[in-house]
Amino acid sequence: RLFEEVDQQAGRETAQAYHSAFVTELDRGSDLPAHAAAAGYATDIENDYPFHPELFRALNEKVSTIPNFQRTRGALRLLARTVRRLWETKPAGTYLIHPHHIDLSDEETLNDLTARLDRPVFRQVVEADIANPKAGAQAHAALADSDLVRAGRPPYGTRIATTALLHSLVQGTGAGLTPAEAKLAVFTPGDDLALVEKQLDRLLETCWFLDVTGNRLRFSTEPSLAKIVADEVGLIG
């Protein structure tokens, strides 16, 4: 429905590259879910290619459980827009389509994930912490990533925040994901996982709506007053 053809050999090679990277990181004691190094997860990557299994997990286990989400039409529209955006921009180092490749700065995509899902309050969350539409303004995740981007590194903070947003749209105890799951969703071979972890810490310090409760990373719809006050204090000479 989305591609004329899929290169199965590229899928096998990509799965092996990710599998090797996951094994190496877990051998180092990195904070990733243990199943990332399992042969079955490599098979999932190959079968889901060119999509990352964590993107399908976010859509199938979280977003698709929202009554207003159209499981087939809505998912295809969202993925087609994501694929088109990637084809137009061709960002370096894109081996799979991860959850963070869903572009929340795109108005139609943001509308699909907020107003269409009867979640309009999450628009203010995205605009404050992930993608600010105002000219010259930056969301908190972009500010946290500014030093990385200037150094030519990926914007890990924005990637983590986008992933967490997809997992936060569902309500109840299933909302959010663990920090280890977030790192799995954004990690690509060659990434410095220590740097990813550092950006997660910076996100938690700067984002108004992001928090960790019960080892689950999630966005709430109420801002942290302490963080807002800290930001205001920081503007005072």
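The values are calculated or read from the model by the stated rules, or taken from the named source; none is laboratory data. Just so it is clear, the structure is predicted and the values come from calculations on it, not from any experiment. All Cβ positions, even for glycine, are placed from backbone atoms using ideal geometry, and neighbour counts span all protein chains on display. Each accessible area value is taken on the protein alone, full model and side chains, heavy atoms only, with ligands, DNA and RNA left out. Shrake-Rupley method; radii C 1.70, N 1.55, O 1.52, S 1.80 Å.
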Legend entry - Reachable lysines from K134, criterion Cα separation under 23 angstrom, eight or more residues apart if same chain: K227
Legend entry - Residues V23 and D147, FRET efficiency given R0 of 22 Å [Cβ-Cβ distance, rounded to 0.05]: 0.15
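Treating only the Cβ atoms of Lys and Arg (+1) and Asp and Glu (-1) as charged, compute the dipole magnitude of the chain about its Cα centre; round to the nearest 20 debye. Can you show the working numbers first?
Numbers: 25 positive and 33 negative charges, 100 e Å.
Computed charge dipole of the chain: roughly 480 debye.
Counting only heavy atoms of the protein chains, get the accessible area per residue of region 1-92 (1.4 Å probe) and round it to a whole Å² value. Present the calculation step by step, with values, prior to reporting the outcome.
Details: 5370 Å² over 92 residues.
About 58 Å² of surface per residue is accessible.
Given a 1.4 angstrom probe, what's the average accessible area per residue across region 98-237, in square angstrom? Kindly include the intermediate steps, with their values, before the conclusion.
Details: 6320 Å² over 140 residues.
In whole numbers, region 98-237 has 45 Å² accessible per residue.
Out of the total accessible area of region 102-209 (probe 1.4 Å, heavy atoms of protein only), what percent is carbon and sulfur? Don't skip to the answer; put the middle values down first.
Numbers: 2120 of 4290 Å².
About 50 percent, which is the carbon plus sulfur part of the accessible surface.
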Legend entry - Probe 1.4 Å - accessible area at V6, Å² to nearest ten: 50 Å²
Inset, instruction - Using only Cα atoms, find the angle between the long axis of helix 73-89 and the longest principal axis of the chain, and express it within 0 to 90 degrees, rounded to the nearest 10. - result: 90 degrees
Inset, instruction - Compute the distance in nm between two label points, each set 7 Å from the Cα along the Cα-to-Cβ direction, one at Q171 and one at D211. - result: 1.8 nm
Inset, instruction - Would you mind checking the tilt of helix 39-48 against the longest principal axis of the Cα atoms of the chain, expressed as 0 to 90 degrees and rounded to 10? - result: 80 degrees
Inset, instruction - Between D7 and D201, take the C-beta separation as r, use R0 = 30 Å, and let me know the FRET efficiency to the nearest 0.05. - result: 0.20
Legend entry - Given [x] 136; [y] 165; [z] 214, the label whose value is volume of the Cα convex hull per residue in Å³ derived from this model: [x]
Legend entry - From phi via Karplus (6.51, -1.76, 1.60), per-residue ³J(HN,Hα) for region 213-221 in Hz, x at Gly/Pro: 10, x, 6, 10, 8, 7, 9, 9, 9
Inset, instruction - Choose one of L78, Y156, F22: the residue whose Cα lies farthest towards the positive end of the charge dipole of the chain (beta-carbon charges +1 Lys, Arg; -1 Asp, Glu; about the Cα centre). - result: L78
